[in-house]
Amino acid sequence: MSEQRATEHTYRPSVPWRKSLEKHLENPEVRSEYEALKEEYALIRQLIDLRIKRGLSQRQLAERAGMQQPVIARLEGGKAPSLRTLKRVADALDADVRVTLVPRRAASARVSKRHA
(Lines give C-alpha, C1' and ligand atoms only; values in the text may rest on other atoms or scores of the structure.)
Protein backbone atom coordinates (compact mmCIF):
# COMPACT_ATOMS: atom_id res chain seq x y z
CA MET A 1 0.00 0.00 0.00
CA SER A 2 1.53 3.31 -1.01
CA GLU A 3 1.67 6.23 1.38
CA GLN A 4 -0.44 9.13 0.22
CA ARG A 5 0.46 12.64 1.19
CA ALA A 6 -2.36 14.76 2.51
CA THR A 7 -2.78 17.91 0.51
CA GLU A 8 -4.33 21.08 1.74
CA HIS A 9 -7.38 22.20 -0.17
CA THR A 10 -9.06 25.54 -0.09
CA TYR A 11 -12.75 25.39 -0.79
CA ARG A 12 -14.84 28.38 -1.62
CA PRO A 13 -18.04 28.42 0.39
CA SER A 14 -21.19 27.92 -1.64
CA VAL A 15 -22.59 31.02 0.05
CA PRO A 16 -20.33 34.07 0.40
CA TRP A 17 -20.93 34.27 4.14
CA ARG A 18 -18.71 37.28 4.83
CA LYS A 19 -20.62 39.41 2.37
CA SER A 20 -23.87 38.04 3.73
CA LEU A 21 -22.79 38.84 7.29
CA GLU A 22 -21.78 42.37 6.35
CA LYS A 23 -25.15 42.88 4.69
CA HIS A 24 -27.03 41.61 7.75
CA LEU A 25 -24.93 43.74 10.11
CA GLU A 26 -26.17 46.86 8.34
CA ASN A 27 -29.39 46.31 10.31
CA PRO A 28 -28.85 47.94 13.76
CA GLU A 29 -30.96 45.29 15.54
CA VAL A 30 -28.98 42.44 14.00
CA ARG A 31 -25.69 44.22 14.77
CA SER A 32 -26.75 44.68 18.40
CA GLU A 33 -27.61 40.99 18.82
CA TYR A 34 -24.39 39.95 17.06
CA GLU A 35 -22.29 42.16 19.35
CA ALA A 36 -24.11 40.83 22.42
CA LEU A 37 -22.94 37.28 21.61
CA LYS A 38 -19.23 38.12 21.23
CA GLU A 39 -18.31 37.46 24.87
CA GLU A 40 -20.27 34.22 24.98
CA TYR A 41 -18.51 32.89 21.90
CA ALA A 42 -15.15 34.09 23.22
CA LEU A 43 -15.73 31.95 26.33
CA ILE A 44 -16.64 28.95 24.20
CA ARG A 45 -13.51 29.48 22.09
CA GLN A 46 -11.39 29.60 25.27
CA LEU A 47 -12.90 26.35 26.48
CA ILE A 48 -12.29 24.57 23.17
CA ASP A 49 -8.75 25.94 22.88
CA LEU A 50 -7.86 24.84 26.42
CA ARG A 51 -9.35 21.37 25.87
CA ILE A 52 -7.25 20.99 22.72
CA LYS A 53 -4.15 22.39 24.44
CA ARG A 54 -4.59 19.79 27.18
CA GLY A 55 -4.82 17.12 24.49
CA LEU A 56 -8.30 16.00 25.48
CA SER A 57 -11.17 14.80 23.36
CA GLN A 58 -14.69 15.83 24.31
CA ARG A 59 -15.22 12.35 25.72
CA GLN A 60 -12.07 12.50 27.85
CA LEU A 61 -13.00 15.93 29.18
CA ALA A 62 -16.50 14.72 29.98
CA GLU A 63 -15.11 11.74 31.91
CA ARG A 64 -12.83 14.02 33.91
CA ALA A 65 -15.75 16.36 34.66
CA GLY A 66 -18.06 13.48 35.61
CA MET A 67 -20.55 14.08 32.83
CA GLN A 68 -21.55 12.68 29.45
CA GLN A 69 -19.81 13.69 26.20
CA PRO A 70 -22.98 15.26 24.72
CA VAL A 71 -22.92 17.83 27.54
CA ILE A 72 -19.48 18.98 26.38
CA ALA A 73 -20.62 18.99 22.76
CA ARG A 74 -23.64 21.17 23.62
CA LEU A 75 -21.43 23.48 25.66
CA GLU A 76 -18.94 23.85 22.81
CA GLY A 77 -21.82 24.26 20.39
CA GLY A 78 -23.07 27.37 22.14
CA LYS A 79 -25.61 26.15 24.69
CA ALA A 80 -25.20 28.46 27.65
CA PRO A 81 -24.00 26.44 30.64
CA SER A 82 -24.90 26.94 34.26
CA LEU A 83 -22.10 28.36 36.36
CA ARG A 84 -21.96 25.02 38.19
CA THR A 85 -21.41 23.11 34.91
CA LEU A 86 -18.80 25.60 33.78
CA LYS A 87 -16.92 25.19 37.08
CA ARG A 88 -16.97 21.38 36.73
CA VAL A 89 -15.52 21.61 33.23
CA ALA A 90 -12.94 24.19 34.37
CA ASP A 91 -11.86 21.89 37.22
CA ALA A 92 -11.44 19.05 34.73
CA LEU A 93 -9.26 21.36 32.61
CA ASP A 94 -7.26 22.45 35.67
CA ALA A 95 -8.54 25.99 35.20
CA ASP A 96 -10.49 28.59 37.16
CA VAL A 97 -13.66 30.42 36.23
CA ARG A 98 -13.80 34.15 36.90
CA VAL A 99 -17.11 35.93 36.61
CA THR A 100 -17.34 39.65 37.18
CA LEU A 101 -20.11 42.19 37.07
CA VAL A 102 -18.98 45.43 35.48
CA PRO A 103 -21.34 48.35 36.05
CA ARG A 104 -22.40 50.37 33.07
CA ARG A 105 -21.98 54.10 33.51
CA ALA A 106 -25.55 54.99 32.53
CA ALA A 107 -27.01 52.25 34.71
CA SER A 108 -24.84 53.32 37.64
CA ALA A 109 -26.15 56.86 37.36
CA ARG A 110 -29.76 55.64 37.30
CA VAL A 111 -29.24 53.43 40.35
CA SER A 112 -27.52 56.26 42.25
CA LYS A 113 -30.42 58.62 41.54
CA ARG A 114 -32.98 56.06 42.81
CA HIS A 115 -31.12 55.50 46.08
CA ALA A 116 -30.30 59.16 46.76
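A few remarks follow.
- Residue list for the stretch 46-61, filter: touching a residue at least 40 places away in the same chain (Cβ under 8 Å) and under 17 Å from the mean Cα position of the chain (by Cα): LEU47, LEU50, ARG51
- Criterion (more than 29 Å from TYR34 (Cβ to Cβ), assigned to a helix (DSSP H, G or I) and not hydrophobic (A, V, I, L, M, F, W, C)) met by exactly one of ARG84, ARG45, ARG51, ARG64: ARG64
- Among the residues making up the stretch 62-74, those that are within 16 Å of the chain's Cα centre (by Cα) and crowded, with 17+ Cβ neighbours inside 10 Å are VAL71, ILE72.
- Of the listed requirements (1) farther than 17 Å from VAL97 by Cα; (2) at pLDDT 80 or above; (3) among the basic types (Lys, Arg), ARG54 misses just one: (1).
The values are calculated or read from the model by the stated rules, or taken from the named source; none is laboratory data. From a predicted model like this one, the values you see are computed outputs, not experimental measurements. Here the Cβ is made from the backbone with ideal geometry for all residues, glycine too, and neighbour counts use every protein chain on show.
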